[in-house]
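Data block below; observations after.
The values are calculated or read from the model by the stated rules, or taken from the named source; none is laboratory data. Since the model is a prediction, treat every value here as computed from it, not as a measurement. Here the Cβ is made from the backbone with ideal geometry for all residues, glycine too, and neighbour counts use every protein chain on show. Note: areas computed on protein heavy atoms with side chains; ligands, DNA, RNA excluded. Shrake-Rupley method; radii C 1.70, N 1.55, O 1.52, S 1.80 Å.
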Amino acid sequence: VGDSDALARKLRIVFRSNNDAIRKAGIAQARNFEMEPVLASWRKEIDSLVKWGKIIKKNVAIIIQKLHGGGAERTASNLSLLLCDKYNVHLIVFDGSEIKYPYAGKLHDLKMPPVSGSLGKLKNMMARVKAIKKIKTEEKIDVSISLMMGANLVNVLSKCGEKTITSV
């Protein structure tokens, strides 16, 4: 047990390092050692850190008009799948009535499909801004990523201090 505790301390330092070579060496060392005592020790520490709020994943919102159809929608889907391991992903869609692409994370369906007429479009956009601002505040979003012009406009207008990324 003493050896596993010493290795656990060393590996904690290794995995906190920003140096990839040190991490790879630590992983190689861990593979040559009985890992169950080390993992048991880590589980206790990780549970403690999570309990006291010291391990917190960043919250990322991906904003798109719909989740079916073209390339931007597929990109939003792929982004959610790629980011879900390292971040809390919130996928915000204006109209989620038809979802064709797989996604990961929490889906927020605003249930606000496109409308016709200038006044209707303006009212719809303002309602979307209000709804997304509420989601960003409640979910404590750190970064918001939007794809396509309509979502970009709503993303910028609903900014709540998070980093905002737009894409066309």
- Query: Considering segment 97-111 alone, what residues qualify as being at pLDDT below 95 and aliphatic (A, V, I, L, M)?
  - Reply: I99, A104
- Task: Output yes when any residue across segment 135-144 is in contact (Cβ under 8 Å) with a residue 40 or more places away in the chain, open to solvent by 90 Å² or more (accessible area, probe 1.4 Å), more than 13 Å from K66 (Cα to Cα) and part of a loop (DSSP other than H, G, I, E, B), and no when none is.
- Result: yes
- Is it the case that some residue within segment 77-87 is without any contact (Cβ under 8 Å) to a residue 40 or more places away in the chain, among the small types (G, A, S) and surrounded by 13 or more Cβ atoms within 10 Å (Cβ to Cβ)? yes
- Query: Could you list, in sequence order, the residues of segment 103-121 that are out of contact with any Ser or Thr (no Cβ under 6 Å at 6 or more places or on another chain), open to solvent by less than 90 Å² (accessible area, probe 1.4 Å) and over 15 Å from I63 (Cβ atoms)?
  - Reply: P113, V115, G117, G120
- For segment 122-134, name all the residues that are open to solvent by 30 Å² or more (accessible area, probe 1.4 Å) and small (G, A, S). A127
- Note on the structure: Looking across segment 145-167 at residues that are over 15 Å from L107 (Cα atoms) and assigned to a strand (DSSP E or B), the single one that is most open to solvent (accessible area, probe 1.4 Å) is K163
- Item | Index of the failed condition, N124 passing every other in (1) part of a helix (DSSP H, G or I); (2) within 19 Å of V60 (Cβ to Cβ); (3) free of Cβ contacts under 8 Å to residues at least 24 places away in the same chain; (4) among the polar types (S, T, N, Q) | (2)
- Test for H90: is it more than 18 Å from K163 (Cα to Cα), in a strand (DSSP E or B), open to solvent by less than 50 Å² (accessible area, probe 1.4 Å) and at pLDDT 95 or above: no
- Matching residues in segment 97-130 - criterion: being in contact with a Gly (Cβ under 9 Å, 6 or more places away or on another chain) and closer than 17 Å to V156 by Cβ: L110, M125, R128
- Task: Scan segment 143-155 and give yes if some residue there is modelled with pLDDT under 95 and among the β-branched types (V, I, T), otherwise no.
- Result: yes
